[in-house]
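Structure first, commentary second.
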């Protein structure tokens, strides 16, 4: 399996999960099923920070007030296929590694990780933009877990969590 084949398979996986992601995004921005901090009302939640694990790509939604910061606990988005703990099947990675033995597995793993990250981010942003019409005033942000970098889902702008006009903590 070539890298192009892997990309096509990764894209197919994402396409199969688009409806689930769109439904989960709509639920988060309309129902806001968060366990909010004491004294916080749903009216003060004006944004959602979506954070994902870099290996599983399992997204979690965290309620956010863009002036005061995080205001409650996170909620897992139900986008992974039933019974799976990884969005991208590991069989794809294994098939590429087996087909390209001349490439160092660590280098190939890094390349596949970068490809999955790019595809996931583009997919998430596109699905956000499609789904957010149910609550146009709600802002959305995306990042990998435990990083300082955030992406504004409406503009695509990348920024540090500790700089700029949005407060995250």
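Each value in this text was obtained by applying a stated rule to the coordinates, not by laboratory testing. This one's a predicted model, so the numbers in the text were calculated from it and none came from an experiment. A quick note on method: Cβ atoms are made from the backbone with ideal geometry, for glycine too, and the neighbour counts reach across all protein chains shown.
Anyone know which of 77, 119, 106 comes out most mobile in the 10 Å Cα GNM of the chain? Top of the fluctuation ranking is 106. Comparing 59, 136, 82 in a Gaussian network model of the chain, where Cα atoms under 10 Å apart are tied by springs, the biggest mean-square fluctuation is seen for 82.
Extending 7 Å from Cα along the Cβ direction at residue 26 and again at residue 95 yields two label points whose distance is 3.2 nm. Each label point was placed 7 Å from the Cα along the Cα-to-Cβ direction; for residue 67 and residue 19 their separation is 4.1 nm. Distance from the Cα centroid of the stretch 80-119 to that of the stretch 1-42 is 20 Å (rounded to whole angstrom). From most to least packed by mean Cβ count within 10 Å, the peptides 32-43, 60-71 give 60-71, 32-43.
With the simple spin-label model, which puts each label point 7 Å out from Cα in the Cβ direction, the residue 85 to residue 55 separation comes to 0.9 nm.
Can you give the calculated 222 nm mean residue ellipticity of the chain, where each DSSP H run of n ≥ 4 adds -39,500 (n - 2.57) and the sum is split over every residue, rounded to the nearest 500 deg cm²/dmol?
Rounded to the nearest 500, it is -13500 deg cm²/dmol.
For the chain, a Gaussian network of Cα nodes joined below 10 Å ranks 122, 107, 152 by mean-square fluctuation, and the top entry is 107. With equal scatterers on the alpha carbons only and no solvent term, can you work out the Debye log10 of I(q)/I(0) for the stretch 6-69 at 0.21 1/Å? With one equal scatterer per Cα and no solvent, log10 I(q)/I(0) is -0.91.
In degrees between 0 and 90, to the nearest 10, how far off the longest principal axis of the chain does helix 105-131 point, with axes built from Cα atoms? Helix 105-131 and the main axis of the chain meet at about 40 degrees. Axis angle, to the nearest 10 degrees, between helix 90-99 and the longest C-alpha principal axis of the chain: 30 degrees. Length gained on full extension, residue 158 to residue 110: 15.2 nm, using 0.36 nm per residue less the C-alpha separation. Radius of gyration over Kirkwood radius for the chain, both on Cα atoms: the Rg/Rh ratio is 1.01.
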